[in-house]
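This report refers to the structure that appears directly beneath it.
Where a number appears in this text, it was derived from the coordinates with a stated rule and is not lab data. Note that this is a predicted model, so its numbers are computed, not measured. FYI the Cβ positions are ideal-geometry reconstructions off the backbone, even for glycines, and counts take in every protein chain you see.
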Amino acid sequence: MATLVGRASKQALLRAHSSIIHQKANLSFKNLSKGKKWAVAAFGTLTAGGVGLAVALNTAVLASDLTLHPPKYPWDHAGLLSALDRASVRRGYQVYKQVCAACHSLEYMYYRNLVGEIMEEDEAKAEAAEIMVVDGPNDQGLMFERPGKLSDKFPKPYPNDEAARAANNGALPPDLTYIVNARHGGENYLFSILTGYCDPPAGVEVREGLHYNPYFPGGSIAMAQALYNEIIEYDDGTPATTSQLAKDVCTFLRWVAEPEHDTRKRMGIKAIMIFTVLLTSAYYMKRAKWAPLKTQKIAFKPR
Amino acid sequence: MGVNTVSIATKIYQTLFRRTSTFALTIVVGTLFFERAFDEGTGYIFDRINAGKQYKDLKKQLELRAAKEE
């Protein structure tokens, strides 16, 4: 028996030493040398650690655990291919102009930005003409006031930040141009702030001149509740409830922060369709070109 | 695949794709028509998804309201 096994294995060994040597890539961890094992382990640990660190650094550090996080509302421009509701944006402009503009600026907005987006040119010109702008100097070297033009910026409620703070009990009303992108939660946060005012819970003290809002980090906000039912009357006859006002002004501020919103989504359809075709054909081509290589067995044949 | 379709494909190949000059011309002219059709098609889809929400719809509403006031 033993001789039989020995002969068989000898023959197997002899066969292994025949002229063809099969080369096989041994890529399993078990077959690596000790040093290589260490290197692989160290590399793996470093990669995992790096990914973990990146995730940890990207996680938002929230100011307070006691802050109420805004719920997600079903905005009708939230879909992948959904455009902004321009009627809502237009109503939101009315809300901004009649309510928010008393304290908040839209520093980077010009009257020309309204043309062809929420109103016609003559209407935007009339809007601009409502404000007075300091221009000059004239031929006597004096500054003068003139009605606004399409090329003018939206008026600022305060000449500078210090004046704004002095008028608001030391709190600075932030510029609203990019506020939707500048706050966690975007429109949801703004909507919650605008509609979330309530009495402070027992044990929570709110300082003089501040107001309680559970959605604001820390709970105490300098801005008083601004939106109430029927505080303004809409042009198009929409009932001006508090939530309607808040929804419209949030939609407006989304448009202000992201005027390219609709164009971007229009391009999105094209990109999705074109890249589906391109990626599919690229994948097919890769398979087709690699198929002969992948199905080959490469042998080393020393002479 | 009938004989007919094959002959059409062969004809297209012989008249358009075989020579580099006509092949390049086919690409240029084809791009023109493809891009137009693609833009119109995707634009139609976008307008269908967002019916009544865009500025052109708002403009119609505003005109209606202005006509009512007069």
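Does A:M267 fit the bill of being of a type in the set (A, V, I, L, M, F, W, C), under 30 Å from A:L190 (Cα atoms) and within 14 Å of chain B (Cβ to nearest Cβ)? Yes; evaluated as a whole, the condition is true for this residue.
Residues in region A:80-132 that are closer than 20 Å to A:C250 by Cα and touching a strand residue (DSSP E or B) at 6+ places or on another chain (Cβ under 6 Å): A:Y110 only. Chain B holds helices (runs of 4 or more DSSP H) entirely within its bounds, and those carrying 1 or more residues that are surrounded by 11 or more Cβ atoms within 10 Å (Cβ to Cβ) and either away from chain A (no Cβ under 13 Å) or touching a residue at least 40 places away in the same chain (Cβ under 8 Å) (or both) map to B:3-12, B:20-49.
Residue count for region A:116-137 under the criterion of being in a helix (DSSP H, G or I) and of a type in the set (A, V, I, L, M): the result is 4. Could you pull out the residue among B:T10, B:T15 that is under 27 Å from A:V277 (Cβ atoms) and over 25 Å from the mean Cα position of the chain (by Cα)? Every option except B:T10 fails the conditions. Against the test of being among the polar types (S, T, N, Q), more than 14 Å from chain B (Cβ to nearest Cβ) and not in a loop (DSSP other than H, G, I, E, B), the options A:T276, A:T280, A:T251 yield a single qualifying residue, A:T280. Check whether at least one residue in region A:231-239 is assigned to a helix (DSSP H, G or I) and in contact with a helix residue (DSSP H, G or I) (Cβ under 9 Å, 6 or more places away or on another chain), and report yes or no. The answer is no, given that none of the residues of region A:231-239 is assigned to a helix (DSSP H, G or I) and in contact with a helix residue (DSSP H, G or I) (Cβ under 9 Å, 6 or more places away or on another chain). Against the condition within 14 Å of chain B (Cβ to nearest Cβ), without any contact (Cβ under 8 Å) to a residue 24 or more places away in the chain and crowded, with 17+ Cβ neighbours inside 10 Å, how does A:L84 come out, does it pass? No, not satisfied. A:I118 passes every criterion in (1) within 14 Å of chain B (Cβ to nearest Cβ); (2) over 30 Å from the mean Cα position of the chain (by Cα); (3) β-branched (V, I, T) apart from (2).
Can you tell me which residues in region A:145-160 are surrounded by 12 or more Cβ atoms within 10 Å (Cβ to Cβ) and in a strand (DSSP E or B)? Give the derivation first.
Narrowing region A:145-160 to residues surrounded by 12 or more Cβ atoms within 10 Å (Cβ to Cβ): A:146-150, A:152-158.
Across region A:145-160, the qualifying residues are A:R146, A:P147, A:K153.
Looking at region A:191-221, which of its residues are part of a loop (DSSP other than H, G, I, E, B) and crowded, with 17+ Cβ neighbours inside 10 Å? Can you show your working first?
Step one: filter region A:191-221 for residues part of a loop (DSSP other than H, G, I, E, B), giving A:196-210, A:213-219.
Selection gives A:G196, A:Y197, A:L210, A:N213, A:P214, A:Y215, A:F216, A:G219.
So for region A:108-116 (the condition being in contact (Cβ under 8 Å) with a residue 60 or more places away in the chain, of a type outside the set (D, E, K, R) and surrounded by 15 or more Cβ atoms within 10 Å (Cβ to Cβ)), does at least one residue qualify? Yes, region A:108-116 contains at least one residue that is in contact (Cβ under 8 Å) with a residue 60 or more places away in the chain, of a type outside the set (D, E, K, R) and surrounded by 15 or more Cβ atoms within 10 Å (Cβ to Cβ).
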